[in-house]
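Below you'll find the structure, written out as structure tokens, and then a few comments.
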């Protein structure tokens with residue numbers, strides 16, 4: 001690193017660390033857009049929450065889906081705790097569910113048309129990721145197993161699209177993943 005950067009190596013490292021830990025400074029227009037987003041946050045969150053509940057219920061009925069983990073489901077073991085933590089305002093928009101194996105997960109994700117394959121969270125768009133082969137790929141197998149990160153795990157961050165469109169897309173992809 002010092003060979004490439006020379007006398008600026010320390011300054012470059014400080015600059016990189018700052019951006020990693022604190023991000024960049026927003027321009028005035030980006031700040032305006034951030035405030036605009038905050039103004040509509042309540043309305044968007046209501047849609048995220050209702051969509052997530054509907055999608056979790058839909059996934060639970062699908063024969064391809066082995067299990068669904070969403071605290072908004074009536075029989076979720078941590079539902080009462082989630083109600084307290086979220087102060088009765090919903091259960092978030094994150095859903096995890098299980099498919100047969102990694103190959104099934106890959107076919108499912110590749111078959112989605114509306115849902116985006118991205119590692120982000122909390123977007124207006126519904127996002128899907130295969131945690132085993134992405135965020136947790138560098139973890140030792142024993143650690144992944146202990147954390148519940150299995151080859152058949154899929155994570156959805158449910159967005160604000162029309163819930164019927166989401167369920168249609170998920171259903172088509174599940175059928176193609178068989």
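Among residues of segment 1-17 that are modelled with pLDDT under 80, those with a Cβ under 9 angstrom from a residue that is surrounded by 11 or more Cβ atoms within 10 Å (Cβ to Cβ) and assigned to a helix (DSSP H, G or I), sequence gap 6+ or separate chain, pair up as 1/9; 1/12; 1/13; 2/9; 3/9; 5/12; 5/13. One residue is enough: does segment 65-82 have a residue meeting the conditions touching a residue at least 60 places away in the same chain (Cβ under 8 Å), closer than 28 Å to residue 149 by Cα and either in contact with a strand residue (DSSP E or B) (Cβ under 8 Å, 6 or more places away or on another chain) or in a helix (DSSP H, G or I) (or both)? Yes; the residues of segment 65-82 include at least one that is touching a residue at least 60 places away in the same chain (Cβ under 8 Å), closer than 28 Å to residue 149 by Cα and either in contact with a strand residue (DSSP E or B) (Cβ under 8 Å, 6 or more places away or on another chain) or in a helix (DSSP H, G or I) (or both).
Out of 124, 116, one residue alone is under 12 Å from the mean Cα position of the chain (by Cα), touching a residue at least 60 places away in the same chain (Cβ under 8 Å) and surrounded by fewer than 18 Cβ atoms within 10 Å (Cβ to Cβ). It is 124. Exactly one residue out of 150, 96, 143 is out of contact with any helix residue (DSSP H, G or I) (no Cβ under 6 Å at 6 or more places or on another chain), part of a strand (DSSP E or B), on the phi < 0 side of the Ramachandran plot and at pLDDT 95 or above: that is 96. For segment 20-51, residues that are without any contact (Cβ under 8 Å) to a residue 60 or more places away in the chain and in contact with a helix residue (DSSP H, G or I) (Cβ under 8 Å, 6 or more places away or on another chain) total 1. For segment 5-35, residues that are in a helix (DSSP H, G or I) and closer than 30 Å to residue 96 by Cα total 4. Of all residues in segment 77-91, those being at pLDDT below 95, touching a helix residue (DSSP H, G or I) at 6+ places or on another chain (Cβ under 9 Å) and surrounded by 15 or more Cβ atoms within 10 Å (Cβ to Cβ) number 1.
Within segment 164-178, the set of residues being in a helix (DSSP H, G or I) and over 17 Å from the mean Cα position of the chain (by Cα) comprises 164, 165, 168, 171, 172, 173, 174, 175, 176, 177.
Of the candidates 142, 162, the single residue that is without any contact (Cβ under 8 Å) to a residue 12 or more places away in the chain and under 15 Å from residue 48 (Cβ atoms) is 162.
The values are calculated or read from the model by the stated rules, or taken from the named source; none is laboratory data. Quick caveat, the model's predicted, so the values are computed rather than measured. Positions of Cβ are backbone-derived with ideal geometry, glycine not excepted, and every protein chain shown enters the neighbour counts.
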